[in-house]
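Here is the structure we will look at, set down as structure tokens.
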Amino acid sequence: MSFQSVKRVTFLFLTFIILGILVLGIISLSHFFSNKAPYTFTANSRTVIKQIEGLNRLETAQFTIEKVIDAGTSGSALSQFLFGDKLLLIAQGEVIAGFDLSKVQLSDISVEGSTLRLTLPAPEILVSTLNNDQTRVYDRRTGLLTKGDQNLESKAREQAQTLITQAACDGHILDTASTNARNQLTALFKSTGFTTVIITIPQASCPNQ
């Protein structure tokens, strides 16, 4: 074998050895980094309560309700013809339920590793209001001998708001608020790194129920 051939074989041999060393080095580094523990981020109870305080009031259920209110005097046909005062009001309103998160205390929050336990205050009616643009007097009739009660429409509106709030309660708006709050807050806190979120919400009832 010529000197040039020996030189070529030696060169190829050394090249294979160097490539082998590089491959083994890369594999070793890969195993080293893959076996290292991943970065973890932890949040304590104070961190969580700051997030909750940032939400302030959490509105989680909104009902739009329409009511027809028949208000005014009652009596015989003759008394109505002479002294009657009747009003028909078509009212539309909105009722919003949710949570006053300013009531959450540090003792209501527990953090154990990646598990968060949270106790919320009971849900409540936050807003109950008439939609003035959609609320109107449909019919108003007064007797021949009376000018009618100038405050009758205001009284009918008050009654309408009460009945709309009651209708929302009968439609289980507070239960809906609890379900939505649990879903929303669970998604929120899982997005911050918690793998398990357990939320306790007390049962609540509307006023006068």
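What is the distance, in nm, between label points placed 7 Å from the Cα along the Cα-to-Cβ direction at Ser45 and at Ser74?
5.6
Heavy-atom accessible area per residue, the range 120-183, 1.4 Å probe: how many Å²? Intermediate results must be reported in sequence, preceding the final value.
Details: 3880 Å² over 64 residues.
Accessible area per residue, the range 120-183: 61 Å².
Given R₀ = 30 Å, what would the calculated FRET efficiency be for Leu55 paired with Asp133, taking r from the Cβ atoms and rounding to 0.05? Walk me through the numbers on the way to the answer.
Numbers: r = 30 Å, r/R0 = 0.99.
Step by step, r from the Cβ atoms, then E = 0.50.
The values are calculated or read from the model by the stated rules, or taken from the named source; none is laboratory data. Everything quoted here is computed from the prediction, not taken from an experiment. In this analysis, Cβ positions are derived from the backbone assuming ideal geometry, glycine residues included, and neighbour counts consider all displayed protein chains. Note: accessible area is taken over every heavy atom of the protein model, side chains too, but ligands, DNA and RNA are not part of it. Shrake-Rupley method; radii C 1.70, N 1.55, O 1.52, S 1.80 Å.
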